[in-house]
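The values are calculated or read from the model by the stated rules, or taken from the named source; none is laboratory data. Just so it is clear, the structure is predicted and the values come from calculations on it, not from any experiment. Cβ atoms come from the backbone with ideal geometry, glycine included; neighbour counts cover every protein chain shown. Areas reflect the complete protein model, heavy atoms only, side chains present, ligands, DNA and RNA absent. Shrake-Rupley method; radii C 1.70, N 1.55, O 1.52, S 1.80 Å.
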Amino acid sequence: MSDSPPKLATSTTKIITFERRHIRPIPLDERQGTTRGLFFVWLGINMLPLTVVTGALGPSLFGLSLGWTVLAVVLGNVVGGIGAALHASQGPQLGIPQMLQARGQFGFYGGSLLALIAVIMFLGFFASNLVVAAQSFSAVFSSISVTVGIIVCAAIALIVAIFGYDLVRKMMGIFSVFIGVLVLISLIVVVSNPATFDTTADLGYNTAGFFGMLAIGVTWQLAYAPYVSDYSRYMPKEGGAKQAFWATYIGLVLGTVLVMVLGALVGLTLADGDAMATLGSLLGGFGPIVLFGFGAASAVINSANIYSGVMSSLTVFETISPRIRIDTAKRVVMTIAYALIALLAAVFGKDDFLLVFKDFVTILLYVLIPWSAINLADYFILRKGHYRVDDMFRRDGGIYGRWDAIGLIAYAIGLAVQIPFMVTVMFTGPLAEPLGLVDVAWIVGFIVPAAVYIVWKRAAHRA
């Protein structure tokens with residue numbers, strides 16, 4: 001099997017380019033991405049009902065006042081956004097999807113283990129977005145059940161994702177402007193409504209709740225780390241890294257904070273767990289327009305979760321057998337299968353959504369943090385951006401090998417050191433209670449594996 005991609009024409013129309021490169025490197029002469037286009041991708045990707053629900057967790061789940069919730073949201077997103085943007089800066093240099101780069105730290109097969117974790121993450125976010133988008137439509141059209149709404153939203157996202165990067169990017173750019181206007185108007189209307197602040201809940205400050213919400217903000221941004229190079233790889237190599245960093249960082253943080261603050265306002269009076277219905281009530285006559293806009297935007301923007309999930313799925317699929325060659329037909333079939341799995345997960349999990357989603361986000365943080373730490377340490381400190389991309393497509397892994405024991409063991413250590421500090425409904429670590437149930441596992445899970453990886457790799461190199 002040749003390591004270099006076939007020279008294919010990439011455009012079937014002057015308006016939309018049909019995806020044909022898949023997980024292969026993007027040639028320099030096809031790098032048509034722009035800073036503005038990348039900014040709107042990441043600005044719009046968080047202007048979703050799910051982000052509203054997440055912001056509402058501060059008052060409704062953690063018992064925080066509006067001020068403490070907003071502070072935790074801002075700090076968490078500002079810190080987490082740095083990690084996501086640093087990952088985005090790798091795309092223009094290497095020209096390949098984000099999780100395929102894991103082969104550089106974990107080996108050809110080891111990288112697939114990390115890509116598989118990302119696949120599960122993308123599935124979770126896609127299914128979660130389906131539930132909340134369907135709730136938005138159901139709140140506007142009482143005749144439409146949540147299940148029917150989930151099916152419709154999944155079908156829309158699937159159609160966009162089948163075309164691939166170009167249509168996903170353009171649709172996200174359009175909807176980011178549309179929903180951005182609705183969000184700003186909604187903030188003004190909700191703040192102006194006295195009912196927003198007419199809460200009977202005893203809200204204030206508690207350390208566990210503040211750090212829990214802070215951790216969710218960090219997680220929210222780092223959850224995009226496995227996505228970002230999927231889009232920034234279309235940026236020009238010369239000067240593209242800096243552009244990708246700032247476009248990703250500003251877009252992600254700005255879009256997320258605006259919508260989470262709206263969610264925090266909703267959370268002040270949230271009682272039944274349906275944040276979108278509460279938002280519609282607070283908006284009055286403007287509510288149906290906003291809820292419909294959120295639902296439509298979510299259905300389209302959710303295509304990014306399918307697209308990136310399929311990129312990771314193809315990375316795993318390719319390692320199964322040397323006979324497997326990734327082509328357009330396989331990508332389309334994988335896209336359909338992926339959407340169906342998420343659809344089923346959304347339908348069967350919709351009733352216990354809020355509690356399940358909170359734990360999903362927390363566990364996601366624990367498994368993503370060590371990968372992010374090792375990837376950033378390897379890229380910026382050890383290799384300084386210099387990789388042999390062709391070797392990542394060789395079945396023997398080239399200079400990266402089939403399995404990288406140092407990377408995999410450092411990752412396992414990163415998971416293990418977090419266990420004593422974990423705070424979830426299912427499990428609470430023995431050191432969490434003495435700390436007042438303040439979630440610091442993610443801090444330990446970032447520092448320790450990065451340090452282990454750097455020291456061990458340098459020692460191995462000297463030997």
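Let me confirm something: among THR256, THR278, THR248, THR269, which residue is of a type in the set (Val, Ile, Thr), in contact with a Pro (Cβ under 9 Å, 6 or more places away or on another chain) and either open to solvent by less than 20 Å² (accessible area, probe 1.4 Å) or closer than 27 Å to PRO194 by Cβ (or both)? Spell out how you get there, then give the answer.
On the way: THR256 fails: in contact with a Pro (Cβ under 9 Å, 6 or more places away or on another chain); THR278 fails: in contact with a Pro (Cβ under 9 Å, 6 or more places away or on another chain); THR248 fails: in contact with a Pro (Cβ under 9 Å, 6 or more places away or on another chain).
Going through THR256, THR278, THR248, THR269 in turn, the sole match is THR269.
Just wondering, is there one or more residues in the stretch 122-142 that are buried (at least 24 other Cβ atoms within 10 Å of the Cβ) and of a type in the set (Ser, Thr, Tyr)? Explain how you work it out, then say what you get.
First pass over the stretch 122-142, keeping only residues buried (at least 24 other Cβ atoms within 10 Å of the Cβ): 122, 125-137, 139.
In the following step, the residues that additionally are of a type in the set (Ser, Thr, Tyr) were identified as 128, 136.
Within the stretch 122-142, one or more residues are buried (at least 24 other Cβ atoms within 10 Å of the Cβ) and of a type in the set (Ser, Thr, Tyr).
Hey, does the stretch 229-248 have a residue that's under 19 Å from ILE369 (Cα atoms), in contact with a helix residue (DSSP H, G or I) (Cβ under 9 Å, 6 or more places away or on another chain), part of a loop (DSSP other than H, G, I, E, B) and aliphatic (A, V, I, L, M)? Checked against the condition, which is being under 19 Å from ILE369 (Cα atoms), in contact with a helix residue (DSSP H, G or I) (Cβ under 9 Å, 6 or more places away or on another chain), part of a loop (DSSP other than H, G, I, E, B) and aliphatic (A, V, I, L, M), the stretch 229-248 yields no hits at all.
Within the stretch 393-429, the set of residues being touching a residue at least 12 places away in the same chain (Cβ under 8 Å) and either in contact with a Cys (Cβ under 8 Å, 6 or more places away or on another chain) or of a type in the set (Phe, Trp, Tyr) (or both) comprises PHE393, TYR400, TRP403, TYR411, PHE421. Of the residues ALA441, ALA405, the single one that is over 30 Å from MET276 (Cα atoms) and at pLDDT 90 or above is ALA405.
Test each condition in (1) in contact (Cβ under 8 Å) with a residue 60 or more places away in the chain; (2) open to solvent by 10 Å² or more (accessible area, probe 1.4 Å); (3) not in a loop (DSSP other than H, G, I, E, B) for PHE62 and report the one that comes out false. In the conditions (1) in contact (Cβ under 8 Å) with a residue 60 or more places away in the chain; (2) open to solvent by 10 Å² or more (accessible area, probe 1.4 Å); (3) not in a loop (DSSP other than H, G, I, E, B), PHE62 misses (3) alone.
Do we find that TYR234 is in contact with a Lys or Arg (Cβ under 6 Å, 6 or more places away or on another chain) and either loosely packed, with under 14 Cβ neighbours inside 10 Å or on the phi < 0 side of the Ramachandran plot (or both) in this structure? For TYR234, the condition - in contact with a Lys or Arg (Cβ under 6 Å, 6 or more places away or on another chain) and either loosely packed, with under 14 Cβ neighbours inside 10 Å or on the phi < 0 side of the Ramachandran plot (or both) - is met. In summary, SER298 fulfils each of the numbered conditions (1) at pLDDT 75 or above; (2) within 30 Å of PHE108 (Cα to Cα); (3) not basic (Lys, Arg) with the single exception of condition (2).
Suppose the filter is at pLDDT 80 or above, out of contact with any Cys (no Cβ under 7 Å at 6 or more places or on another chain), open to solvent by less than 20 Å² (accessible area, probe 1.4 Å) and of a type in the set (Val, Ile, Thr); does VAL73 pass it?
Numbers: at pLDDT 80 or above: yes; out of contact with any Cys (no Cβ under 7 Å at 6 or more places or on another chain): yes; open to solvent by less than 20 Å² (accessible area, probe 1.4 Å): yes; of a type in the set (Val, Ile, Thr): yes.
For VAL73, the condition - at pLDDT 80 or above, out of contact with any Cys (no Cβ under 7 Å at 6 or more places or on another chain), open to solvent by less than 20 Å² (accessible area, probe 1.4 Å) and of a type in the set (Val, Ile, Thr) - is met.
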